[in-house]
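Novice: Shown below is the structure under consideration.
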Amino acid sequence: MFSIFPNPQAIAENLSTLLAKKIRSNPTTILGLATGSTMEPIYARLVQKIQQDNIDMSQIKTFNLDEYIGLPPEHPQSYYQFMHQHLFQAAGIRPEQVTLPSGMCTDIEEECVSYSEKIRAAGGLDIQLLGIGTNGHIGFNEPGTSFDSLTHVIQLSENTRLDNGRFFENQDEVPTHAITMGIQDITNAKEIVLVATGSHKAEIIAQLYASDIDEQLPASVLKQHPRINIFIDDAAAALLPVQAKKIV
Ligand code: F6R
């Protein structure tokens with residue numbers, strides 16, 4: 001389940017190759033996408049491959065995991081902006097191919113119900129990319145979220161607001177709430193790849209390895225998924241016991 005790579009670039013190489021292969025063999029692939037620092041080198045390498053190898057991206061569809069409530073799409077820290085900057089624009093993925101939850105909708109309950117429904121109506125996610133929070137969240141499903149959850153509004157934990165404060169000018173600007181795919185939306189994906197890089201993820205990765213499947217550690221739900229890969233770099237693997245390590 002855990003594959004260990006020397007550094008984030010090696011993960012980016014491997015994962016972008018996997019994604020490129022998938023898209024070539026099925027040009028209508030439905031991608032579930034994550035934002036965050038972990039994804040940046042992966043999207044950068046994927047964009048290079050798409051451009052170099054002329055991969056046809058015109059028929060894929062994408063669904064993002066989450067969005068901050070209260071940030072309009074044009075806000076520099078919205079996940080809409082992140083995706084446009086790091087992937088969509090350079091990869092030639094058009095606005096009509098992408099779906100993100102709206103953090104600015106007037107009827108938030110309707111937005112939640114219809115987001116999960118849109119994923120189902122599209123045929124479900126072929127592959128979902130995930131990062132992991134230092135508290136074990138996936139998407140913005142914070143510890144304690146029901147494994148049966150669909151898209152919902154979540155109050156961000158102080159831990160997550162502090163972690164994400166680095167992207168904002170000051171801590172007060174970090175939104176308090178987000179809209180996120182639920183854990184069931186995520187685990188309904190046919191295949192999942194969770195990525196963790198850096199020494200700040202070593203503790204949660206060791207906890208994930210040792211943990212039972214427990215709603216207090218949202219990522220532990222992935223242990224029961226039939227097609228889960230966890231790609232980590234040496235730094236994030238530092239606290240894993242030797243028997244957990246499959247070096248790539
Ligand atoms: C982002 C998301 C989050 C991040 C996680 C790790 O769309 O859903 O779960 O993947 O917070 O973030 P980074 O990669 O910035 O450490």
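Every number here is computed from the coordinates shown, using simple stated rules; none is lab data. Remember, predicted model here, so these are calculated numbers, not experimental data. All Cβ positions, even for glycine, are placed from backbone atoms using ideal geometry, and neighbour counts span all protein chains on display.
Novice: Go ahead and set up a Gaussian network model of the chain, Cα springs under 10 Å, then flag whichever of 111, 40, 173 fluctuates most.
Specialist: 173
Novice: Can you tell me the relative contact order of region 2-247? Whole percent, Cα pairs under 8 Å, sequence separation 6 or more. Walk me through the intermediate numbers first.
Specialist: Working: 486 pairs, mean separation 59.5, N = 246.
For region 2-247, the relative contact order is 24 percent.
Novice: So, one more: For the chain, modelled as a Gaussian network with Cα springs under 10 Å, which listed residue fluctuates most, 141, 188, 64?
Specialist: The residue that fluctuates most here is 188.
Novice: Evaluate the distance, in nm, between pseudo-label points positioned 7 Å from the Cα of residue 248 and of residue 113 along their respective Cα→Cβ axes.
Specialist: 4.1 nm
Novice: Once you've got the GNM for the chain with C-alpha springs shorter than 10 Å, pick whichever of 169, 191, 74 has the biggest mean-square fluctuation.
Specialist: Its mean-square fluctuation being the largest, the pick is 169.
Novice: Here is a further query. Using Cα pairs under 8 angstrom and six or more residues apart, how large is the relative contact order of region 126-248, in percent?
Specialist: Numbers: 222 pairs, mean separation 39.1, N = 123.
Rounded, it is 32 percent for region 126-248.
Novice: In whole angstrom, how far apart do the alpha carbon centroids of region 136-204 and region 208-248 sit?
Specialist: So the separation of the two Cα centres works out to 17 Å.
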